[in-house]
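Asker: I'd like to ask some things about the structure below.
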Amino acid sequence: MSEPAADTDPEAADSPVEQAAQRTPSGLPLRVDGLRKEFGGITAVDGVSFEVESGSLTGLIGPNGAGKSTTFNCITGVHEPTAGDVYLNGEAITGLAPYEIAQRGLVRTFQIARELPEMTVLENLMLAPKNQQGESALRSVLPGLRGGVVDQEEQLRERAWETLEFFEIDHLATEYAGSLSGGQRKLLEMARALMTDPEVVLLDEPLAGVNPTLEEKLLDRVDDLRAEGYTFLLVEHDMDVIMHHCEHIIVMHQGQVLAEGGAEEIRTNDRVIEAYLGDDL
């Protein structure tokens, strides 16, 4: 008797998105493939593709209007791309809501810190972790269930204190977040991002408005976190920071990737210099 014919139902085959995800090499937690974003008749991001290696600090640079922030917004779910895909550890996250993307391990900070000003620094951190049990009417009348909430809160509090100490802002724990300086708010925002247990962190101009002392502290913290396996994608206008701290640099211009490579390669790239960098390199 002949063998039954193999199932050739097209519905059983992997979708193109799934096939593309399977092609993501190991060691590349973040991959952007053909990303495009249109606003009416304006194309802000036009076919952007790049990869971010595990444990790296990758710089994303370009002049104002190059499409960097829109790219960040598409990656993190703030904007839904017109076309293209974003992969986190080989899984397509395109079109997911920001909180869904954060739950999968990718978070971002903002150029203008978005702390909760009427809560203390410690409370800001304790609010960040995902999968908290929280309160409910049932837990309020059943002591056994409420005990789990109390235990989790104690664990979160301990972890929040450890995170504050790591960023050297534990002395501000009981201060209202709205009373912090600009640099302290940047440290708080990064600390709050880490409380979500991310694998990839997108930093949107974290050093803007930060004094040199806090800038050095923040960069030291990033280096320490990379040693622990965290991965960072950084948008920053300070070329000294980019050239001295990023081992890989992606240059955007007019919504497209103009060039990418190491610091020396970017510094001597004629197209990059002609486009916008001039003597800054």
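Asker: In segment 203-223, which residue that is over 25 Å from E260 (Cα atoms) and either without any contact (Cβ under 8 Å) to a residue 24 or more places away in the chain or among the hydroxyl-bearing types (S, T, Y) (or both) is surrounded by the most Cβ atoms within 10 Å (Cβ to Cβ)?
Answerer: Per the criteria, the residue is E216.
Asker: If you scan segment 255-270, which residues turn out to be of a type in the set (D, E) and not in a helix (DSSP H, G or I)? Before the answer, list the steps.
Answerer: Keep residues of segment 255-270 that are of a type in the set (D, E), which gives 260, 264-265, 270.
Result: E260, single match.
Asker: Please go through segment 172-190 and give me each residue that is among the hydrophobic types (A, V, I, L, M, F, W, C), closer than 15 Å to M119 by Cα and assigned to a helix (DSSP H, G or I), ordered by number.
Answerer: Going through segment 172-190, the residues among the hydrophobic types (A, V, I, L, M, F, W, C) turn out to be 172-173, 177, 180, 187-188, 190.
If we keep only those that are closer than 15 Å to M119 by Cα as well, we get 172-173, 177, 180, 188.
Hits for segment 172-190 are L172, A177, L188.
Asker: Could you pull out the residue among R31, R36, R23 that is modelled with pLDDT of 95 or more and more than 30 Å from L219 (Cβ to Cβ)?
Answerer: R36
Conditions (1) in contact with a strand residue (DSSP E or B) (Cβ under 9 Å, 6 or more places away or on another chain); (2) modelled with pLDDT under 95; (3) outside the structural domain of L35 (by TED's automatic domain parsing), marked per residue:
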{"residue": "V86", "(1), (2), (3)": "yes, no, no"}
{"residue": "Y99", "(1), (2), (3)": "no, yes, no"}
{"residue": "T109", "(1), (2), (3)": "yes, yes, no"}
{"residue": "L127", "(1), (2), (3)": "no, yes, yes"}
{"residue": "K130", "(1), (2), (3)": "no, yes, yes"}
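Asker: Hey, another quick one. Here's a check for you: in segment 56-67, which residue that is buried (at least 20 other Cβ atoms within 10 Å of the Cβ) and under 11 Å from H237 (Cα atoms) is farthest from the chain's Cα centre (by Cα)?
Answerer: G62
Asker: Which one of the conditions (1) within 25 Å of L35 (Cβ to Cβ); (2) crowded, with 19+ Cβ neighbours inside 10 Å does L188 fail to meet, given that it meets all the rest?
Answerer: Going through (1) within 25 Å of L35 (Cβ to Cβ); (2) crowded, with 19+ Cβ neighbours inside 10 Å one by one, L188 breaks only (1).
Results for (1) surrounded by fewer than 19 Cβ atoms within 10 Å (Cβ to Cβ); (2) among the charged types (D, E, K, R); (3) in the same structural domain as F50 (by TED's automatic domain parsing); (4) at pLDDT below 95, shown as yes or no for each residue.
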{"site": "G229", "(1), (2), (3), (4)": "yes, no, yes, yes"}
{"site": "L233", "(1), (2), (3), (4)": "no, no, yes, no"}
{"site": "D240", "(1), (2), (3), (4)": "yes, yes, yes, yes"}
{"site": "I250", "(1), (2), (3), (4)": "no, no, yes, no"}
{"site": "G255", "(1), (2), (3), (4)": "no, no, yes, no"}
{"site": "A259", "(1), (2), (3), (4)": "yes, no, yes, no"}
{"site": "E264", "(1), (2), (3), (4)": "yes, yes, yes, yes"}
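Asker: Looking at segment 197-208, can you tell me whether even one residue there is of a type outside the set (A, V, I, L, M) and in contact with an Asp or Glu (Cβ under 8 Å, 6 or more places away or on another chain)?
Answerer: yes
Asker: Using the structure shown, decide if P117 is at pLDDT below 95, in a loop (DSSP other than H, G, I, E, B), surrounded by fewer than 20 Cβ atoms within 10 Å (Cβ to Cβ) and in contact with a strand residue (DSSP E or B) (Cβ under 7 Å, 6 or more places away or on another chain).
Answerer: yes
Asker: Can you tell which of L202, L225 is within 14 Å of the chain's Cα centre (by Cα), in the same structural domain as I61 (by TED's automatic domain parsing) and in a strand (DSSP E or B)?
Answerer: Of the residues listed, the single one that is within 14 Å of the chain's Cα centre (by Cα), in the same structural domain as I61 (by TED's automatic domain parsing) and in a strand (DSSP E or B) is L202.
Asker: If you scan segment 43-101, which residues turn out to be under 23 Å from H244 (Cα atoms) and either assigned to a strand (DSSP E or B) or charged (D, E, K, R) (or both)?
Answerer: Across segment 43-101, the qualifying residues are F50, E51, V52, E53, L57, T58, G59, L60, I61, K68.
Asker: Here's a follow-up. Any idea which residue in segment 174-183 is nearest to V241 (Cα to Cα), counting only those that are at pLDDT 90 or above and buried (at least 17 other Cβ atoms within 10 Å of the Cβ)?
Answerer: L180
The values are calculated or read from the model by the stated rules, or taken from the named source; none is laboratory data. In this text, all values refer to a predicted model and were calculated from it rather than measured experimentally. Heads up, the Cβs are rebuilt from the backbone with ideal geometry, glycines too, and the neighbour counts pull from every protein chain shown.
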